[in-house]
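Have a look at the structure below, then the notes.
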Amino acid sequence: MDARIQIVAILAAAALILVLLELVRRRRLLERYALLWLFSALVLLGLAVWRGLLEDVASVLGVAYPPNALFLIAFGFVLALLLHFSLAVSRLSDQSKVLAQRLALLEERLGRVGSRPPESESAAERELETSVRD
């Protein structure tokens, strides 16, 4: 692997790790999602730093040029992350639908309670109010 390509790959993976850590620090990225991204970035960093491992992986995958294997692995991680996020979005969509249905039911019940005519006051309550005023 050419030294310039290796340096660019190392810098890109290191920059990704730093960005991820900053996003977690600012609480813009949840830890459970950050773990997936950090694992991916660390694998890419390890492959970029360790030349021999990348060449071995490339030969196992049948890729002639080792940097292409690095991009193939990165693409695989991106696909795995997209699947994970699609599952999360689907779950959140279902939860939002259930919450909207529950809210509609509660509003309907509240509307029924608010439209009832006020119940007549009991004689004891009127007597109590009269005694308090005197």
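Just wondering, is there one or more residues in the range 18-30 that are crowded, with 16+ Cβ neighbours inside 10 Å and within 19 Å of residue 72 (Cα to Cα)? Let's see the steps before the verdict.
Taking the range 18-30 as the starting set, the residues that turn out to be crowded, with 16+ Cβ neighbours inside 10 Å are 20, 24, 29.
Now drop any that are not within 19 Å of residue 72 (Cα to Cα), which leaves none.
Within the range 18-30, none of the residues are crowded, with 16+ Cβ neighbours inside 10 Å and within 19 Å of residue 72 (Cα to Cα).
Scan 13, 80, 74, 41 and give me the residue that is open to solvent by less than 40 Å² (accessible area, probe 1.4 Å) and within 19 Å of the chain's Cα centre (by Cα).
Step by step, each of 13, 80, 74, 41 is checked, and only 41 is open to solvent by less than 40 Å² (accessible area, probe 1.4 Å) and within 19 Å of the chain's Cα centre (by Cα).
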The residue that is farthest from residue 6 (Cα to Cα), considering only those in the range 27-61 that are touching a helix residue (DSSP H, G or I) at 6+ places or on another chain (Cβ under 9 Å) and among the small types (Gly, Ala, Ser), is 34
When residue 48 is run through (1) of a type outside the set (Phe, Trp, Tyr); (2) modelled with pLDDT under 95; (3) surrounded by fewer than 13 Cβ atoms within 10 Å (Cβ to Cβ), the failure sits at (3)
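The values are calculated or read from the model by the stated rules, or taken from the named source; none is laboratory data. What you see is a predicted model, and the numbers here were worked out from it, not measured in a lab. Note that each Cβ is placed from the backbone with ideal geometry, even for glycine, and that neighbours are counted across all protein chains shown. Accessible surface areas use protein heavy atoms only, side chains included; no ligands, DNA or RNA. Shrake-Rupley method; radii C 1.70, N 1.55, O 1.52, S 1.80 Å.
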